[in-house]
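Okay, structure first, notes after.
Since every read-out is calculated from the coordinates, none of them should be taken as a lab result. Worth saying up front: this structure is predicted, and the values here are computed from it rather than measured. Every residue, glycine among them, receives a Cβ derived from its backbone with ideal geometry; neighbour counts consider all protein chains shown.
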Amino acid sequence: MNVLILGSGGREHAIFEKIRESSSAEKIFCIPGNAGINDSAITADIAVSNHRELIDFAKSNNIELTIIGPENPLTRGIVNDFESEGLTIFGPSREASILEASKAYSKELMRKYGIPTAEYKIFTDHTDAENYLRSHTHPIVVKASGLAAGKGAKVCTDLEQSLKAIREIMVEKCFKDAGDEVVIEEFMKGEEASVFAISDGNYYKILAPAQDHKAVYDGDRGPNTGGMGSYAPAPLIDDKMMYIIERSIIEPTLEAMKAEGRPYKGVLFVGLMITDSGPKVIEYNCRFGDPETQVILPLLDADLLELLYDSAKGRFAENGILPLKNKHSLCLVLASGGYPGKYFTGYEITGLGSISNSKVLHAGTVLENNKTVTGGGRVLNVVCTADSLREAKKGAYRDAENIKFKDMYFRKDIGDKGVKYYEK
Ligand code: AMP
Ligand code: GLY
């Protein structure tokens with residue numbers, strides 16, 4: 001089977017590596033890819049937003065499955081466009097990907113169908129939002145409803161902070177029209193985890209639970225990023241907890257989407273807070289997580305290509321938990337100093353040849369005059385898979401020491417919460 005992957009991050013590199021293990025895989029194409037993926041995949045100079053050209057490319061290269069990495073093409077309806085031309089594509093339709101595109105929609109859905117989440121109120125007028133904040137206790141969470149590259153949620157500890165957040169989102173329009181509508185919600189206390197279910201519209205299959213590290217600094221301090229590291233499986237989500245999550249969140253969400261005339265096909269990524277009163281949804285995403293995918297896929301003891309193809313074709317026969325290898329995976333993100341704020345690119349990366357324990361997945365890298373240079377905020381992912389989480393952590397950090405580029409930054413405490421959990 002010829003396959004096309006759309007996207008350019010560590011997530012897409014991880015998908016590429018797992019797909020190429022499949023005995024069904026023939027030619028694998030990636031658009032736009034990055035310096036690491038395009039070392040082995042075939043690429044083409046087509047804008048990810050140009051659905052017409054991508055459709056023509058898929059047809060002329062006999063692509064039998066297209067896999068979408070990021071959310072933007074999904075919310076712009078790439079699945080609708082490919083399917084209307086008779087092409088097979090993995091991911092939710094425009095109508096179903098509203099679960100990520102509109103937090104206001106997803107909160108209303110959860111309320112209507114009794115899916116556990118934080119209490120909330122939706123605002124389109126900033127004076128109303130300010131008055132609401134003045135009459136509520138803090139901490140409180142202020143969120144732009146639309147897509148904001150993972151940076152649209154602000155946890156505010158006092159009124160001064162929440163009023164500032166509302167002003168930035170609704171008046172200064174820091175997230176443009178993604179902030180036309182705002183969700184203000186109750187602060188939930190607990191530990192976070194990411195759960196992924198691949199659905200074919202009727203049934204679903206569960207992948208290994210993971211934990212991301214969103215804040216830029218050690219100890220979960222500083223502004224939120226796309227994710228500074230991850231590990232799987234997350235011991236916080238044991239079998240009993242997963243059972244509760246399936247029954248109270250995954251199944252009702254997929255049923256609700258069907259009832260709303262937006263059947264969900266593709267991967268449903270549920271960001272969860274495990275609170276004292278049980279798991280609650282923080283948000284839904286309509287795609288694989290980054291950097292969670294980098295640790296989930298090495299543990300998957302199944303053919304990813306067959307799985308995604310069956311999802312796209314609506315061929316699952318039952319719900320289930322996918323088989324996992326008895327291993328632990330940890331991903332350390334090497335970032336450009338300054339990220340998620342301002343940072344510089346174009347710095348040469350060295351040491352990629354001296355990795356012994358891990359796999360290096362590329363994210364923000366480009367090939368310039370035969371040299372691999374930095375080209376984004378999150379540059380590389382060092383992923384180590386081992387018999388224990390502690391060993392996976394040791395392997396990834398040891399390899400990271402060999403990689404060098406100017407201003408390189410990484411967190412030192414990736415996986416610590418999980419290691420503590422296992423060793424308590
Ligand atoms: P979101 O963009 O909705 O996933 O939120 C980004 C991050 O903000 C989450 O990963 C949490 O760390 C934090 N967050 C969002 N909503 C809440 C909430 N209601 N209570 C506590 N923390 C939250
Ligand atoms: N790691 C969080 C995300 O992919 O949105």
For this session: Give the residue from VAL195, ALA35, ILE250 lying farthest towards the positive end of the charge dipole for the chain; charges sit on Cβ (+1 for Lys and Arg, -1 for Asp and Glu) and the dipole is referred to the Cα centre.
Result: ALA35
Exercise. Can you list residues whose amide H is under 5 Å from THR117's amide H, if they're 5+ apart or on another chain and H is modeled 1.01 Å from N?
Worked result: VAL281
Seminar exercise, completed: Spelling it out for CYS174: with amide H atoms placed in the peptide plane at 1.01 Å from N, the residues 5 or more places away or on another chain with amide H under 5 Å from its amide H are ILE169
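Between ASP218 and GLU251, what length comes free when the chain is fully extended (0.36 nm per residue of separation minus the Cα-Cα distance, one decimal in nm)?
Length difference between fully extended and current span is 8.4 nm.
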For this session: Give me D for the stretch 191-348 in µm² s⁻¹, whole number, from Stokes-Einstein with Rh from the Kirkwood sum over alpha-carbon pairs, 25 °C and 0.890 mPa s.
Result: 148 µm²/s
Exercise. What residues from the stretch 218-251 fall in the zone where the backbone N is under 15 Å from a label point 7 Å along the Cα-to-C-beta line of LYS164?
Worked result: 222-224
For this session: Would you mind checking which residues have amide H under 5 Å from GLY337's amide H? H placed 1.01 Å from N; only 5 or more apart, or other chain.
Result: MET408, TYR409
Exercise. GNM on the chain, C-alpha springs below 10 Å: top fluctuator among GLY337, GLY351, GLY36?
Worked result: GLY351
Problem set entry | Backbone HN-Hα couplings from phi across the stretch 54-69 [Karplus 6.51/-1.76/1.60, Hz, Gly and Pro as x] | 5, 5, 4, 5, 4, 5, 6, 9, 6, 6, 9, 8, 10, 10, 9, x
Exercise. Roughly speaking, what is the stretch gain from SER135 to THR43, that is 0.36 nm per residue apart minus the C-alpha to C-alpha distance, in nm to one decimal?
Worked result: 27.7 nm
Exercise. Length gain on complete extension for the stretch GLU348 to ARG52, per 0.36 nm per residue less the alpha carbon to alpha carbon distance?
Worked result: 103.0 nm
Problem set entry | Cα→Cβ-extended label distance, 7 Å offset, between LYS325 and ASN202, nm | 3.3 nm
For this session: Restricting things to alpha carbons, tell me how big the chain is in terms of Rg and Dmax, in Å.
Result: 20.7, 60
For this session: Take ARG398, project a point 7 Å from its Cα along the Cβ direction, then tell me which residues of the stretch 310-341 have their backbone nitrogen under 18 Å from it.
Result: 328-332
Problem set entry | THR157 versus LYS121: modelled label distance in nm, points set 7 Å from Cα along the beta carbon direction | 2.5 nm
Exercise. Once you wrap a convex hull around the alpha carbon atoms of the stretch 320-401, what is its projected area averaged over all directions, in nm²?
Worked result: 7.1 nm²
For this session: Using Cα centres only, tell me the gap between the stretch 224-244 and the stretch 307-386 in whole Å.
Result: 18 Å
Exercise. Order of 203-213, 173-183, 266-276 by packing, highest average Cβ count within 10 Å first?
Worked result: 203-213, 266-276, 173-183
